[in-house]
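The values are calculated or read from the model by the stated rules, or taken from the named source; none is laboratory data. Since the structure is predicted, the reported quantities are computational estimates derived from the model, not experimental observations. Cβ atoms come from the backbone with ideal geometry, glycine included; neighbour counts cover every protein chain shown.
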Amino acid sequence: MPFEVKYDSSFYRIEVDECQNLLKSKWLRPVSTEEMIEGGTKLFEVLRDTKVEKGVADATVLSSLSAEAKEWMSAKFYELLSQTQLKKLARVLPDTLFTRIALESVVTRAEASGVTKFDVKSFTAIDEAQAWLDA
């Protein structure tokens, strides 16, 4: 069964292949704080509704995140995802060191607060992320 688009906007796309138990999400351009929250909330809803256990999140086009976006992600986003069946999330991060560090720090903060109930690993290439999910 091919991937089915579950959400598509000018800035974010979410696709699911339920037979493979896999979700793919992709940021399509740099986003505002409001768009980050909207996209993250849609990701939670799709994971909740489909019950897939593996996801690959392509964030390679994201640029700097606001303090509010980082706070929401570390305090709320990972807690929401932990309420789903998600077991493994592979994140594909931008080449830009500053943005990559900012996105890594969000996960570190969420893990330190104990809200993350699934494995999260960051990569710089989609094929590496997919290989980790398949392992």
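Apart from one condition, Q83 fits all of (1) within 20 Å of F118 (Cα to Cα); (2) assigned to a helix (DSSP H, G or I); (3) in contact (Cβ under 8 Å) with a residue 24 or more places away in the chain; the exception is (2).
Among the residues making up region 1-26, those that are crowded, with 20+ Cβ neighbours inside 10 Å and under 14 Å from V61 (Cβ atoms) are Y12, S25.
Just one of the listed residues (L97, L133, L93) is farther than 19 Å from G39 by Cβ and in contact with a Lys or Arg (Cβ under 6 Å, 6 or more places away or on another chain), and it is L133. Exactly one residue out of E18, E45, E35 is among the charged types (D, E, K, R), over 14 Å from Q85 (Cα atoms) and over 12 Å from the mean Cα position of the chain (by Cα), and it is E35. In region 27-42, the residue that is surrounded by the fewest Cβ atoms within 10 Å (Cβ to Cβ) out of those that are under 16 Å from T60 (Cβ atoms) and of a type in the set (A, V, I, L, M, F, W, C) is L28.
I'd like the residue in region 88-130 that is more than 15 Å from the chain's Cα centre (by Cα), closer than 13 Å to L62 by Cβ and touching a residue at least 12 places away in the same chain (Cβ under 8 Å) and, out of all such residues, is surrounded by the most Cβ atoms within 10 Å (Cβ to Cβ). Once the filter is applied, the top-ranked residue is T96.
Every residue, every condition in (1) touching a Ser or Thr at 6+ places or on another chain (Cβ under 8 Å); (2) under 16 Å from F123 (Cα atoms); (3) part of a helix (DSSP H, G or I); (4) at pLDDT below 95, yes or no:
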position: K26; (1), (2), (3), (4): no, yes, no, no
position: G40; (1), (2), (3), (4): no, no, yes, no
position: E45; (1), (2), (3), (4): no, no, yes, no
position: D49; (1), (2), (3), (4): no, no, yes, no
position: L65; (1), (2), (3), (4): yes, no, no, yes
position: L103; (1), (2), (3), (4): yes, yes, yes, yes
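Would you please name the residue that is surrounded by the fewest Cβ atoms within 10 Å (Cβ to Cβ), looking only at residues in region 52-87 that are out of contact with any Lys or Arg (no Cβ under 6 Å at 6 or more places or on another chain) and under 16 Å from L133 (Cα atoms)? By that ranking, first place goes to K87.
Against the numbered list (1) free of Cβ contacts under 8 Å to residues at least 40 places away in the same chain; (2) in contact with a Phe, Trp or Tyr (Cβ under 9 Å, 6 or more places away or on another chain), K51 comes up short only at (2). Looking for something part of a loop (DSSP other than H, G, I, E, B), closer than 26 Å to A135 by Cβ and charged (D, E, K, R) - is there at least one such residue anywhere in region 2-18? Scanning region 2-18, I find at least one residue that is part of a loop (DSSP other than H, G, I, E, B), closer than 26 Å to A135 by Cβ and charged (D, E, K, R), so the answer is yes.
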